[in-house]
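Undergrad: Handing you a structure now.
Read the figures in this text as sums done on the coordinates, not as results from a lab. Keep in mind the model is a prediction, meaning the values are calculated, not measured. Glycine also receives a Cβ, built like all others from the backbone with ideal geometry; neighbour counts cover every protein chain displayed.
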């Protein structure tokens, strides 16, 4: 059983009602959160949602207006940054350009007065961990973006903090390198066993990296869960819409039976069937949410509990998948994605084709928020 589901597991980091105001503006508004030892936890949200402000309060660079922060059982709310067993890796990496790689990594240890022999040993270990030992004598300008990122990570890890904060750590890398570095970061975190908190606005990055994600909106936490829980079972339209693509169908509950809801959707002129354990009152306003990859697209009628008809208006070929925008008879657009499993230049479904769309009752979720 995962730590956050164990009733007797003590959180490693606890935030209780944390608020940060700048004048009348609440950048962080009443955040309570438990993070457990050795987690790789992501704070995910758009610009201005409060995630970086929250990270800066954990580091001690900002003081909360209200609320308390506890780390490993100790109240660190008012502790200055240099008294916290926490290191922060900045988005810019903040390397000293006139120093070598090993001198950059050793800087914090020298400031702490660690013995030279111990510094050499720990720097060598840190560079070996991030696979930069042969580049120890180089300067930052002689390194690639990914290598500079690993130098910054080694400089943080060499001090052996209890908690490592990473602010958009992969933002400066190109897409292919970013994807590769995600796995490196996960492996390093697993090896050193330090709790990581990563701030990012990149949904795919958060989904790939994290044990759990906190989705933030306007200074508050909209939902906390594993990547699977956040993606497959969003609790609100905001979370569903923020993580990936999704289609919404607004309607009213027409029938609520054990294990299944029937929702009347006026715009479709038909009922939709959704497998759900929730018991909702007849007439309740709800949204039926369906991910594009859960929808089957075909030129032929489909034997599925939810089926609609339309015409392909837009088509995008992305290599591994094709993305369609299908216009229904009422003018509404539905987004569908289909894996390109066949090695062929000819598409099964093309522009302006009349098509049927369908999905199973288990492929949708019902949202009330």
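Undergrad: Using Cα-Cα distances under 8 Å and only pairs 6 or more residues apart, what relative contact order does segment 245-367 have, in percent?
TA: Dividing the mean separation by the residue count of segment 245-367 yields 30 percent.
Undergrad: Over every pair of different alpha-carbon atoms in segment 219-306, take the mean of 1/r and invert it; report that Kirkwood radius in Å. The partial results should precede the final answer.
TA: On the way: mean 1/r = 0.0694 Å⁻¹.
Its Kirkwood hydrodynamic radius stands at 14.4 Å.
Undergrad: In which sequence would 180, 98, 201 go, from the one with the fewest C-beta neighbours within 10 Å to the one with the most?
TA: Listed from fewest to most nearby Cβ atoms, that is 98, 180, 201.
Undergrad: Find how many whole Å separate the alpha carbon centroid of segment 213-235 from the alpha carbon centroid of segment 19-78.
TA: Cα centroid of segment 19-78 versus Cα centroid of segment 213-235: 16 Å apart.
Undergrad: Tell me, what is the Rg over Rh of the chain, with Rh the Kirkwood radius over Cα pairs?
TA: When Rh is taken as the Kirkwood radius, the ratio is 1.05.
Undergrad: What value, in deg cm²/dmol to 500, does the helix sum -39500 (n - 2.57) over DSSP H runs of n ≥ 4 give at 222 nm once divided by the residues of the chain?
TA: Calculated at 222 nm, the ellipticity per residue is -7000 deg cm²/dmol.
Undergrad: Tell me the volume per residue, in Å³, of the convex hull enclosing the alpha carbons of segment 135-221.
TA: So the per-residue Cα hull volume is 117 Å³.
Undergrad: Sticking with this one: Ratio of alpha-carbon Rg to the 2.2 N^0.38 Å globular estimate for segment 64-134, to two decimals, please.
TA: Segment 64-134 yields a ratio of 1.40.
Undergrad: Which residue, 17, 331, 219, tops the fluctuation ranking in a GNM of the chain built on C-alpha contacts under 10 Å?
TA: Taking springs between Cα atoms under 10 Å, the residue moving most is 331.
Undergrad: Quick one: angle between helix 145-157 and the longest Cα principal axis of the chain, in degrees between 0 and 90, rounded to 10, please.
TA: 60
Undergrad: Does segment 245-367 come out rounded, prolate or oblate by the C-alpha gyration tensor, with a ≥ b ≥ c the root eigenvalues, rounded set by a/c under 1.5 and, if not, prolate when a/b is larger than b/c and oblate if not?
TA: prolate
Undergrad: Same structure, new question: Pick from 173, 15, 71 the residue whose mean-square fluctuation is largest in a GNM of the chain, springs joining Cα atoms under 10 Å.
TA: 173
Undergrad: For a quick check: sort 359, 351 by the number of other beta carbons within 10 angstrom, fewest at the front.
TA: Ranking 359, 351 by Cβ neighbours within 10 Å, fewest first, gives 351, 359.
Undergrad: Using alpha-carbon positions, what is the distance between the centroids of segment 136-197 and segment 260-317, in Å?
TA: 43
Undergrad: Moving on to the next point. Tell me, what is the percent relative contact order of the chain, built from C-alpha pairs under 8 Å that lie six or more residues apart?
TA: Rounded, it is 15 percent for the chain.
Undergrad: In what order do 6, 252 fall by count of nearby beta-carbon atoms within 10 Å, going from fewest to most? Spell out each step's value before the answer.
TA: Details: 6 10, 252 16.
Least crowded to most crowded, the residues run 6, 252.
Undergrad: In percent, how large is the relative contact order of segment 85-148, given Cα pairs closer than 8 Å and 6 or more residues apart?
TA: 46
Undergrad: So which residue, out of 20, 38, 176, gets the largest mean-square fluctuation from a GNM of the chain using Cα contacts under 10 Å as springs?
TA: 176
Undergrad: Given segment 161-268, what whole percent of its Cα pairs are spread farther than 15 Å?
TA: Numbers: 4117 of 5778 pairs.
So the portion of pairs separated by more than 15 Å is 71 percent.
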